[in-house]
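The structure appears below as structure tokens.
The values are calculated or read from the model by the stated rules, or taken from the named source; none is laboratory data. Everything numeric in this text was worked out from a predicted model, so none of it was measured. Don't worry about glycine lacking a Cβ; one is built from the backbone with ideal geometry, like all the others, and counts go over all protein chains shown.
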Amino acid sequence: MASRALLVSGSPPLTPARQQQIERRLLGSAALGEMHLHHSSLAGDVVALGAFEPEPSLASAATPAGAPAIWRRTTGGRAVGCGTDAAILTVALPHRSALVGDDPGALKPEQVMNRAVRGVLAALRKLALDPIYPGLDAITVARRPIAHVSFAENADGPCLFQAIVARERAIALAPDASGAPEPTSLAEQLAVRRRDAAVDPARLARELPALVAEGYAATFGLEPFGLDPEVVAAMMDTPLADDAQRAPGIAPAAPPPEAGVATGAGRLGPLTAWAIASGGRVAAVGLAGAFLARDGTIAALAEAVAGCDASASAVSARVSGVLDGRERYVLGATVDELAALIARAAVASPAGTTQGVATPRTPPVR
């Protein structure tokens, strides 16, 4: 494969708002055909919410300095606790298959992270570690999570892959279905590997982005081009074009007071559905949680389900009609699990209960 350009840039520690702005900007450059690796970190302790997760109560996470800041990621998936010493590696692609070729449809959605993670794995191997991507949303070393991975895809193609790598402190991952052990960090694992606790954090922070860029270059036949920080700052500050960087990353609407709510456990973390039922039919529905979905998919799903019978089988037929596994998808839950969750929410709706909506026979999501 002929050499292709990979732009490489970095930022000093950012605020969550600035990080989200940069992600939007990267999607804009990807829409122009660029592949771009950006490395950054966040100032202070932060809870990184997936694009579709509801706003949490942070009372239990508060410290003497106050509750952690919220970073609403452009990418989907579960919540991650991270801070200044976590490396955020964001790869912008013209389409989800761009790392492996020119055909946008070469990769299925469930294959995206398996390919995109390989540049990060190559970098960790250069550090003499033995990382594994077992699937789902974590990279592990010694069977312990050391990084969280996720991605986002615009309706018109551009894609972001993102890895949050624990450098000095382990990141905090919200529970998922894997039952994984406690997370670890690069510093901890390097100390074990080298039998030397004196890992230089500053050197590690400098080396990691370069190693990741080299990893992508070697794995996918790319030619990295480092961008001047002043050029990057000017580019990131350019006003956004109208709707040019559409993407997930906006908090889902809270359930209306008259809605029923149902929760379940998805592959990547908690799922929540709300529904308003009237006369045995679904009048309105919403979906939130730790999943990955192409932009526009959840809105299309809600539109399709509205008006259908509130039984799990009827909802499942509507959901199946929307989720084709290519252009519209939800990774982290099956069609039947989503349908059961929505049907349970419809039953829980005060209007649904008084109108005699039958309890669906499909078991709840577990």
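Taking the condition buried (at least 18 other Cβ atoms within 10 Å of the Cβ) and touching a residue at least 60 places away in the same chain (Cβ under 8 Å), does Leu292 pass?
So Leu292 fits the description; yes.
Restricting to region 90-120, what's the tally of residues that are under 18 Å from the mean Cα position of the chain (by Cα) and of a type outside the set (S, T, N, Q)?
Selection size over region 90-120: 18.
In region 266-293, which residues are farther than 15 Å from Ala251 by Cα and under 21 Å from the mean Cα position of the chain (by Cα)?
Gly266, Arg267, Leu268, Gly269, Pro270 - these are the residues of region 266-293 that are farther than 15 Å from Ala251 by Cα and under 21 Å from the mean Cα position of the chain (by Cα).
State yes or no: is Arg72 basic (Lys, Arg) and modelled with pLDDT of 95 or more?
no
Identify the single condition in (1) at pLDDT below 95; (2) buried (at least 18 other Cβ atoms within 10 Å of the Cβ) that Thr354 does not satisfy, given that it satisfies every other one.
Condition not satisfied by Thr354: (2).
Taking Ala277, is it crowded, with 18+ Cβ neighbours inside 10 Å, hydrophobic (A, V, I, L, M, F, W, C), over 30 Å from Ala48 (Cα atoms) and not assigned by TED's automatic domain parsing to the domain that holds Leu27?
Against the criterion (crowded, with 18+ Cβ neighbours inside 10 Å, hydrophobic (A, V, I, L, M, F, W, C), over 30 Å from Ala48 (Cα atoms) and not assigned by TED's automatic domain parsing to the domain that holds Leu27), Ala277 qualifies.
Given (1) surrounded by fewer than 17 Cβ atoms within 10 Å (Cβ to Cβ); (2) modelled with pLDDT of 95 or more; (3) not aromatic (Phe, Trp, Tyr), where does Ala59 come up short, assuming only one miss?
Every listed condition holds for Ala59 apart from (2).
From the list Gly266, Gly289, Gly296, Gly280, which one is touching a Ser or Thr at 6+ places or on another chain (Cβ under 8 Å) and either closer than 21 Å to Pro109 by Cβ or of a type outside the set (Asp, Glu) (or both)?
Values: Gly266 fails: touching a Ser or Thr at 6+ places or on another chain (Cβ under 8 Å); Gly296 fails: touching a Ser or Thr at 6+ places or on another chain (Cβ under 8 Å); Gly280 fails: touching a Ser or Thr at 6+ places or on another chain (Cβ under 8 Å).
Within the list Gly266, Gly289, Gly296, Gly280, the selection yields Gly289.
Considering region 176-205 alone, what residues qualify as being in a helix (DSSP H, G or I) and modelled with pLDDT of 90 or more?
Leu186, Ala187, Glu188, Gln189, Leu190
So which residues in region 119-133 are assigned to a loop (DSSP other than H, G, I, E, B) and farther than 20 Å from Val100 by Cα?
Leu127, Ala128, Leu129, Asp130 - these are the residues of region 119-133 that are assigned to a loop (DSSP other than H, G, I, E, B) and farther than 20 Å from Val100 by Cα.
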